[in-house]
Amino acid sequence: MTDAKTEKTELKKHLCEIINFMIAATKSFDIEFHGEARRLSACILTLVYDTDKTESLLGRLGLKNIDVYDEATDFNPKWDLPFSGLAIITLGGKTQRYVPRLQQNIKFLDRKAPLNTWWNKVVIAEPANNVRMTREDVVLDLAGSNTGIADGQITGLFEAVMEKEKTDWKSDRPIRADMLQLETASVRQIAYELLKALHDHFPEYYPAEEEPKAD
């Protein structure tokens, strides 16, 4: 086997590991272990985020041109109200909180966008504070606030995440509780969309042919 084939085999093995890790993390998130969103953010960055020093895993596999499911509501710059494209606020319970959409945007269930377009789409906005956040911004913000990483320092992040017992997830940077809740729910939705897209290409990497679904 050539070196190139060996490398591709190893990269695909790594992809399979990340997919299975993300599936487990999303299941944990859905039973109220919301700290899993931080680990999901690290996995998402490993898959799609390119830096000057490190190429993303999908990039190394030649998969940066895939289409990804996009269930986010489209942002209208003319709106003068807070906007959340990936998460919604629960109604009717004792407390209100943000939860991922997970198939609740019925008209967008099968909508896809090129990965770069999907990654750079505005999904959170707060006009009063001149805030606009793309999927990239949300994932980087959550990962950076809880692991101390900065742009250009993603190398080895997934390996660190796999060593849960050795990883300190305490943030040194204060985050507004409402923004953190919105970001964790949004990252769960981003993970869902990405896992669903990868299932189209690598169904064999999913346990028992499992496709990511909303509970």
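The values are calculated or read from the model by the stated rules, or taken from the named source; none is laboratory data. Small disclaimer: the values here were computed from a predicted structure and weren't measured. Backbone-built Cβ (ideal geometry, glycine too); neighbour counts: all protein chains shown.
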Kindly indicate the residue of region 117-144 that is of a type outside the set (A, V, I, L, M) and not in a helix (DSSP H, G or I) and also farthest from SER186 (Cα to Cα) among those meeting that condition.
ASN130
Residue under question is ILE124, and the condition is that it be hydrophobic (A, V, I, L, M, F, W, C), at pLDDT below 75, surrounded by 20 or more Cβ atoms within 10 Å (Cβ to Cβ) and out of contact with any Lys or Arg (no Cβ under 7 Å at 6 or more places or on another chain); does it hold?
no
Subset of region 90-113 that is at pLDDT below 85 and touching a strand residue (DSSP E or B) at 6+ places or on another chain (Cβ under 6 Å) - its residue that is farthest from VAL68 (Cα to Cα)
GLN96
If you scan region 1-30, which residues turn out to be hydroxyl-bearing (Ser, Thr, Tyr) and modelled with pLDDT under 85?
THR2, THR6
Taking region 97-116 and keeping only residues that are part of a loop (DSSP other than H, G, I, E, B) and exposed (fewer than 11 other Cβ atoms within 10 Å of the Cβ), one is left with ASP110
Pick out, from region 1-74, the helices (runs of 4 or more DSSP H) lying fully within it that include 3 or more residues that are in contact (Cβ under 8 Å) with a residue 12 or more places away in the chain, of a type outside the set (A, V, I, L, M, F, W, C) and surrounded by fewer than 18 Cβ atoms within 10 Å (Cβ to Cβ).
3-30
Only residues that are touching a residue at least 12 places away in the same chain (Cβ under 8 Å) and closer than 17 Å to SER41 by Cα: list them for region 123-136, please.
VAL123, ILE124, THR134, ARG135, GLU136
Checklist (1) within 30 Å of LEU11 (Cα to Cα); (2) modelled with pLDDT of 85 or more applied to THR51, failing item:
(2)
